[in-house]
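Peer 1: Here you go, one structure.
The values are calculated or read from the model by the stated rules, or taken from the named source; none is laboratory data. If you're wondering where the values come from, they're calculated on a predicted model, not measured in any experiment. FYI the Cβ positions are ideal-geometry reconstructions off the backbone, even for glycines, and counts take in every protein chain you see. Remember, those area values only see protein heavy atoms, side chains included, never the ligands or the DNA or RNA. Shrake-Rupley method; radii C 1.70, N 1.55, O 1.52, S 1.80 Å.
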Amino acid sequence: MEKNPSETAKTAKTSTRAGNYFISNYPPFSFWSEGQADEVEVALNSEPNPDAKLGLYHHIPFCRKRCHFCYFRVYTDKNAKQIQEYLDGTIAELKSMAERPLIRGRKPHFVYFGGGTPSYLSATQLGDLTDQMKAILPWDEAEEVAFECEPGTLNPSKLTAVKDIGVTRLSLGVENFDDHILEINGRAHRGPEVFRAYERAQAENFDQINIDLIAGMLEETEENWQKNIEHTIELSPDSVTVYQMEIPYNTGIYKDMQASGQLVAPVADWETKRRWVKEAFAALESAGYTIASGYTAVKNPEKSKFIYRDELWSGQISLAWEWHPSRMQLVCTTRT
Ligand code: SF4
């Protein structure tokens, strides 16, 4: 049966098309211009505002495999020597930044390892990297050290190393528990690795274990989404983040859409994804969680904080490193 015009308009409005809904920094990168580099220089050469806390964001741009929905700058083909060069580059950059008036003599209030996959690094690489970082800007006053992980990379010795460097929040990129959905979305891990990693992480006694889920992955179904919620509640992590699947322009899914001339992504529409998030939050609330943001539920709001996220949005300073692919250099930015 043909749809009437109002139904067609509604479908067009709620269908998932290429673009972003999630803003991870402000202003978004697409609004940055070269001229703003001068403003960054002025900021780095200024004395700090005593009320603004300092944070570090270290980007580890390596992954075992590129997920089809990934829009981050990641590399899956770098060898140990190239990874070491990158890590050495970040240390050289941090040293240079730590001499600037804005940063000199300060201690970070939070440290965040994102990616990519920080847990892709070996235990030795992690130890060496963080020893050097701490020697430059000591972490002894950091209230939060957050670390993103891909479950399949977490063997027992890696987890011990992650705990030993001082990580307070371990964030497990579960996204989905179903092997077929994980596979069809290009994830490197499978369901059993999630349960193994979770058990090992619990044994290490991290202050906070977080589970990430994505509502609306390729081939997600009503039934499977409910199972994801059930598995999450069974594991009982300290916090849960639920993102809605988006299809930015640099994803594998968008490239496939372009090749076949499709405007609408082959994933659930926004109405369904919003409902799935709502259902997840309702179930988590019934299990005793508190909704702490548009995409986060926490078991104990007094204990489980997201300092990096909250301070980034409230005017604190974050030093963030990124890999510059064409010149194999690092650029350091301040986010204020
Ligand atoms: S693990 Fe994360 S960063 Fe790595 S490819 Fe997948 S989505 Fe991208």
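Peer 1: Condition (residue is open to solvent by 60 Å² or more (accessible area, probe 1.4 Å), modelled with pLDDT of 90 or more, within 16 Å of the ligand (Cβ to nearest atom) and among the acidic types (Asp, Glu)) applied to region 70-77: is it met by at least one residue?
Peer 2: Yes, region 70-77 contains a residue that is open to solvent by 60 Å² or more (accessible area, probe 1.4 Å), modelled with pLDDT of 90 or more, within 16 Å of the ligand (Cβ to nearest atom) and among the acidic types (Asp, Glu).
Peer 1: Shifting gears a bit: Test residue 115 against the stated conditions and say whether it is within 16 Å of the ligand (Cβ to nearest atom) and out of contact with any helix residue (DSSP H, G or I) (no Cβ under 9 Å at 6 or more places or on another chain). Talk me through it step by step, then tell me what you get.
Peer 2: Values: within 16 Å of the ligand (Cβ to nearest atom): yes; out of contact with any helix residue (DSSP H, G or I) (no Cβ under 9 Å at 6 or more places or on another chain): yes.
Judged against the criteria, residue 115 is a match.
Peer 1: Continuing with the same structure: Considering region 260-285 alone, what residues qualify as being small (Gly, Ala, Ser) and either in contact with a Gly (Cβ under 8 Å, 6 or more places away or on another chain) or surrounded by fewer than 15 Cβ atoms within 10 Å (Cβ to Cβ) (or both)?
Peer 2: Residues satisfying the conditions are 260, 261, 268, 282.
Peer 1: Right, next: Is there a residue in region 97-113 that is closer than 18 Å to residue 149 by Cβ and assigned to a helix (DSSP H, G or I)? Before you say what the answer is, go through the steps one by one.
Peer 2: Step one: list which residues in region 97-113 are closer than 18 Å to residue 149 by Cβ, which gives 110-113.
Still in the running and assigned to a helix (DSSP H, G or I): none.
No, region 97-113 contains no residue that is closer than 18 Å to residue 149 by Cβ and assigned to a helix (DSSP H, G or I).
Peer 1: Just to check your reading of the model, which residue among 243, 198, 249 is farther than 24 Å from residue 167 by Cβ and of a type in the set (Ser, Thr, Tyr)? Lay out the reasoning, then the answer.
Peer 2: On the way: 243 fails: farther than 24 Å from residue 167 by Cβ; 198 fails: farther than 24 Å from residue 167 by Cβ.
The match here is 249.
Peer 1: Does any residue of region 216-231 turn out to be modelled with pLDDT of 95 or more and in contact with a Cys (Cβ under 8 Å, 6 or more places away or on another chain)?
Peer 2: Initial filter on region 216-231 (modelled with pLDDT of 95 or more): 216-231.
Going one step further and asking which of them are in contact with a Cys (Cβ under 8 Å, 6 or more places away or on another chain), we end up with none.
No: zero hits.
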